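The values are calculated or read from the model by the stated rules, or taken from the named source; none is laboratory data. Predicted model only: the values in this text are computed from it and were never measured. Counting neighbours? That spans all protein chains shown, and the Cβs are built from the backbone with ideal geometry, glycine included.
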């Protein structure tokens, strides 16, 4: 009985050591964008853990003001570390379902500018925009169209409405009611051409 107990604990010890060694190897050699415990780096390609890391900045409707402030500051820091200039914008609450919390504005830096430029959005959307710009838009513009994007024409982020503009109060609010969606109209390229979503 004592021997069985000792054998069991020896086996557990060996399993624990193997698990620690596997974790150390994974931590050292796996791409950081695939590891959920590594910080989000917008200079890295999209990885298996990227979406979850961005989602960590999402705010629940019941988040306390301190939580909103903390999450938004951390989100803005990730943008700044990636060379994106960003500033805090005023939150808004219409007293109904249209509530914008953790609002920011991209003001410049290493990202394709938005036009019009004064677009207010939730900070996680700003992060998603930078990822889309770097990982999708810029490579596609260069590889397919032979020119870098100069600006992204857009219809804005905020619109106090339900999904698809429905008047039915049972329908869920649009993401635009939280400034959590960006409508892209087209892209103007550095060579002067414009590619529109419509055409």
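Just a few scattered comments:
- For residue 82, the conditions (1) loosely packed, with under 15 Cβ neighbours inside 10 Å; (2) over 29 Å from residue 161 (Cβ atoms); (3) in contact (Cβ under 8 Å) with a residue 40 or more places away in the chain all hold with the exception of (1).
- Subset of the stretch 5-29 [modelled with pLDDT under 70 and loosely packed, with under 10 Cβ neighbours inside 10 Å]: 5, 29
- Test: residue in the stretch 158-169 that is assigned to a strand (DSSP E or B), modelled with pLDDT of 95 or more and touching a strand residue (DSSP E or B) at 6+ places or on another chain (Cβ under 9 Å): no
- Where strands (runs of 3 or more DSSP E) fall wholly inside the stretch 81-142, the ranges with 3 or more residues that are at pLDDT 95 or above and under 13 Å from residue 179 (Cβ atoms) are 103-109, 120-122.
- Any pair with Cβ under 8 angstrom, 6 or more apart, that starts in the stretch 102-116 at a residue that is at negative phi and buried (at least 21 other Cβ atoms within 10 Å of the Cβ) and ends at one that is at pLDDT below 95 and assigned to a strand (DSSP E or B): 103/92
- The one condition in (1) over 26 Å from residue 195 (Cβ atoms); (2) surrounded by fewer than 20 Cβ atoms within 10 Å (Cβ to Cβ); (3) modelled with pLDDT of 95 or more that residue 72 fails to fulfil: (2)
To keep it simple, each residue is scored yes or no on (1) in contact with a strand residue (DSSP E or B) (Cβ under 8 Å, 6 or more places away or on another chain); (2) under 21 Å from residue 52 (Cα atoms).
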site	(1), (2)
103	yes, yes
109	yes, no
119	yes, no
129	yes, yes
132	no, yes
139	no, no
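- Hey, residue 42 in a loop (DSSP other than H, G, I, E, B), at pLDDT 95 or above, surrounded by 15 or more Cβ atoms within 10 Å (Cβ to Cβ) and within 14 Å of the chain's Cα centre (by Cα) or not: yes
- Any hit, the stretch 156-175, residues being surrounded by fewer than 20 Cβ atoms within 10 Å (Cβ to Cβ), within 18 Å of residue 46 (Cβ to Cβ) and more than 18 Å from the chain's Cα centre (by Cα): no
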